[in-house]
1. I'm checking my understanding of the structure. Among residues of region 75-91 that are near ligand 1 (Cβ under 8 Å from one of its atoms) and assigned to a loop (DSSP other than H, G, I, E, B), which one is farthest from the chain's Cα centre (by Cα)?
2. Could you tell me which numbered condition residue 96 fails, if it satisfies all but one of (1) closer than 24 Å to residue 32 by Cβ; (2) at pLDDT 95 or above; (3) loosely packed, with under 14 Cβ neighbours inside 10 Å?
3. Given the options 125, 72, name the one that is part of a strand (DSSP E or B), out of contact with any helix residue (DSSP H, G or I) (no Cβ under 9 Å at 6 or more places or on another chain) and at pLDDT 95 or above.
4. Which of the following residues is without any contact (Cβ under 8 Å) to a residue 60 or more places away in the chain, within 18 Å of residue 35 (Cβ to Cβ) and more than 9 Å from ligand 1 (Cβ to nearest atom): 117, 109?
5. Let me confirm something: among 23, 19, 30, which residue is exposed (fewer than 15 other Cβ atoms within 10 Å of the Cβ) and away from ligand 1 (no atom under 13 Å from the Cβ)?
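The values are calculated or read from the model by the stated rules, or taken from the named source; none is laboratory data. Keep in mind it's a predicted model, so treat the numbers as computed, not measured. Here the Cβ positions follow ideal geometry from the backbone for every residue, glycine too, while neighbour counts run over all protein chains shown.
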Ligand SMILES: Nc1ncnc2c1ncn2[C@@H]1O[C@H](COP(=O)(O)OP(=O)(O)OP(=O)(O)O)[C@@H](O)[C@H]1O
Ligand SMILES: [Mg+2]
């Protein structure tokens with residue numbers, strides 16, 4: 001069984017909604033409290049990037065079952081300028097703006113599976129997985 005919901009990321013307040021909805025999905029998937037907080041925090045960072053750098057986008061929230069295991073899967077996408085050098089962007093402390101440069105690298109550490117696809121001119125898609 002899979003459930004899917006999609007939420008817009010057009011303004012700052014949408015990040016609050018996404019945080020709440022990710023928390024709810026993580027509870028429903030019966031993730032532990034620590035895992036819930038980790039995926040909410042990761043979602044928040046990636047959603048903020050989609051808003052700031054990607055000019056807005058959306059967050060899809062899915063509950064997935066594979067081989068009898070349950071996961072929450074988030075797909076956060078934008079159609080902004082994309083990331084030219086992904087390896088560089090993933091390094092702790094790299095920022096092209098005024099951030100700390102810890103959003104991408106931190107989010108990767110907080111989830112079980114992290115997939116990022118981006119090319120200049122084609123936007124960015126980040127998948128975040130947390131398993132029960
Ligand atoms: N969705 C995106 N579209 C285009 N560029 C992005 C996107 N997400 C990240 N980047 C690029 O990758 C860099 C690193 O992102 P990261 O989230 O790690 O750091 P930051 O946003 O600069 O700072 P922090 O998240 O710590 O406040 C960004 O500065 C930006 O150049
Ligand atoms: Mg960031």
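1. If we take residues in region 75-91 being near ligand 1 (Cβ under 8 Å from one of its atoms) and assigned to a loop (DSSP other than H, G, I, E, B), then 81 is farthest from the chain's Cα centre (by Cα).
2. All conditions pass for residue 96, except number (1).
3. Working: 72 fails: out of contact with any helix residue (DSSP H, G or I) (no Cβ under 9 Å at 6 or more places or on another chain).
Within the list 125, 72, the selection yields 125.
4. Only one candidate passes the filter, namely 109.
5. 30
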